[in-house]
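Below is one structure, written out as structure tokens; the observations come after it.
A short reminder: the numbers here are calculations on the coordinates, not readings from a lab. Owing to the predicted nature of the structure, the values given are computational and were not obtained by experimental measurement. Methodologically, a virtual Cβ is constructed for each residue, glycine included, from the backbone with ideal geometry; neighbour enumeration extends over all protein chains shown.
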Amino acid sequence: MAAHARRGRPRPVATRGPVLTPRRYDESDVRIRPGKGTRPRTKTRPTHADARRAMVVSVDRGRWGCALDEDPARVVVAMRARELGRTPIVVGDSVGVVGDTSGRTDALARIVRVEDRRTVLRRTADDTDPYERVVVANADMLLIVVALADPPPRSGFVERAMVAAFVGGLRPVLCLTKDDLADADEFAAMFAGLDVPVVLVGRDRPLTELTALIAGSSSALIGHSGVGKSTLVNRVVPGADRATGVVSGVGKGRHTSTQSVAFPLEGGGWVIDTPGIRSFGLAHISPEDVVAAFSDLAETAADCPRGCTHLGPPADPECALDTLTGQATHRVAAVRRLLVALMSNESW
């Protein structure tokens, strides 16, 4: 061993079996599994030119019922396509649907597109909530259902619902139930300056006036639990089978409707029943939005000083709306009641 070390020669190594020749590798031998961040992605998205047009008529736990071409006899169940992300889809939305549109029990289509909304009814949980919740899309009218007694009517809720309707592009209609327990004229007179239709829809009254008003259009119903909203839906749409409940001794109804659902009218059009609401937050609406909804007042309000809330003196002594005369003053007074309701959300 010492001799080998002195001569600088490596010590021989004993081997067993044949000696293997080293292999030459090239790039074809290297396989690298791409990570999530290195996978090639494309910004090109499918156009879905073959998508079927449909109207959303129901929502239930991540599944949407869609009436193809707004035909209530051709309703398919669909999921939201991945490329839509968390795009909100509500009852009344006009959407594009692809996939299995056969309507079979086990079929599932995909919503790949949500069209621009003509009108929208929004609310927030309360006036401090920064997140808007779209209740209904593309409705022509908002039927505000109010009981004249048991529970007693809340003008503040009605006014706030009207604010949401005017700003969202819907036409509000006041539907009064239980008119056999209290006189309707006094309550209806509070909204005379707004040109809002008032319809009596008590159980013992025919619905001829209401059905003529909503025929061929899309109408959403809103109201407190226990005011008779679901009962009204069942009368307008026989077979709707909406659950109804009694009013408790303290004047609070049970929430008998938990999901928004659109029901087809026999002569064309839709009625959309919404869940009972105990509060109507309007954090997303400003006084300017309310006045802008009334074209006959918006032009005059443009001359108001910056920061004007349009409430008039003493809060706004220079409000331009005070320069109007004649019948316009009644309109201004009615709109100012809406503005007061906008700024004071009471508990229902």
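Put simply, the amide H of residue 122, placed in the peptide plane, has neighbours under 5 Å in 135, leaving out anything fewer than 5 places away on its chain.
With Cα atoms defining each centre, region 137-181 and region 311-334 are spaced 25 Å apart in the structure.
Model label points for residue 211 and residue 299, set 7 angstrom from Cα along the Cα-to-Cβ axis, are 4.2 nm apart.
Here the Karplus curve 6.51 cos²θ - 1.76 cosθ + 1.60, taken at θ = phi - 60°, turns the phi angles of region 193-210 into couplings of x, 9, 6, 8, x, 10, 10, 8, 10, x, 4, 8, 9, x, 9, 4, 5, 5 Hz, with x standing for Gly and Pro.
Our summary gives region 60-135 a relative contact order of 24 percent, counting only alpha carbon pairs under 8 angstrom and 6 or more residues apart. Summing charges over neighbours of residue 64, with a neighbour being any other residue whose Cβ is under 11 Å away from its Cβ, gives +2 when K and R count +1 and D and E count -1.
Taking Cβ atoms as reference points and 14 Å as the exclusive limit, the residues near residue 142 contribute a net charge of +3, counting Lys and Arg as +1 and Asp and Glu as -1. Indicate the gyration tensor shape class of region 82-190 (rounded, prolate or oblate), computed on the Cα atoms with a ≥ b ≥ c the square roots of the eigenvalues: a/c under 1.5 is rounded; otherwise a/b larger than b/c is prolate and the rest oblate. Prolate shape, in that a/c is at least 1.5 and a/b is the bigger ratio. The amide H of residue 270, built 1.01 Å from its N in the peptide plane, has 217, 218, 219, 265 as neighbours under 5 Å, considering only residues 5 or more places off or on other chains. Computed from backbone phi with θ = phi - 60° and the Karplus coefficients 6.51, -1.76 and 1.60, the 3J(HN,Hα) list for region 96-104 is x, 10, 10, x, 7, 10, 6, x, 5 Hz; x is used for glycine and proline.
Mean sequence separation of contacting Cα pairs (under 8 Å, at least six apart), scaled by the length of region 118-241, corresponds to a relative contact order of 29 percent.
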